[in-house]
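Engineer: After the structure tokens below, expect a handful of questions from me.
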Amino acid sequence: MSRTLLRWIVGLFLGLACATQAGCLVVAAAAGTGAGVAYVQGDLDATLDAGPVAAADATERAFKELDLAVISKESSSLDAKVIGRTARDVKLTVVIKGESDKLSRVSIRTGVFGDDAMQHRVLEKIREQLAAAPANVADAH
């Protein structure tokens, strides 16, 4: 058997073996689509006892307390999104989806791959801001 044919067979065998493994398949699919697999992972999800507008206001105050630059803030009674940046220009995105008038689902993402410690710190500050804000002022927006 020639060396070229042998290399071809070994390459085909290794390719098939890799494709049957879930981890390799995910990496190959992500590389093929251009989508980042790490973006699916790395979000910190939590539930807040506040509507989207109050949660967005609390997020903005939390960002300011943490000395983060607030780049944008959009909110409605159904959902909200607040984007900020750290001193090192790391992007923080907080997406809020209202589940009811007094309950929201929040998803926090730091950078491309997520930063668990930073995301938990931001969530803690958001909760502190919600607890500190009078209910009638927070929901008046």
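FYI, it's all coordinate maths here, none of it is from the lab. Keep in mind that what you see is a predicted model, and the values were worked out from it rather than measured. Positions of Cβ are backbone-derived with ideal geometry, glycine not excepted, and every protein chain shown enters the neighbour counts.
Engineer: If you add up the charges near K125, with Lys and Arg at +1 and Asp and Glu at -1, over every other residue whose beta carbon is less than 9 angstrom from its beta carbon, what do you get?
Structural biologist: Neighbourhood net charge equals 0.
Engineer: Lysines within cross-link reach of K102: Cα-Cα under 27 Å, excluding same-chain residues under 8 positions apart?
Structural biologist: Candidates past the 8-residue exclusion: K64, K73, K81, K125.
Engineer: Please give the contour-minus-distance gain from V10 to D101: 0.36 nm per residue of separation, less the Cα-Cα distance, rounded to one decimal in nm.
Structural biologist: That pair, V10 and D101, stretches by 26.7 nm at full extension.
Engineer: OK, next. Under a crude label model (7 Å from the Cα following the beta-carbon direction), how far is R3 from E128 in nanometres?
Structural biologist: Going from the R3 label point to the E128 one covers 6.6 nm.
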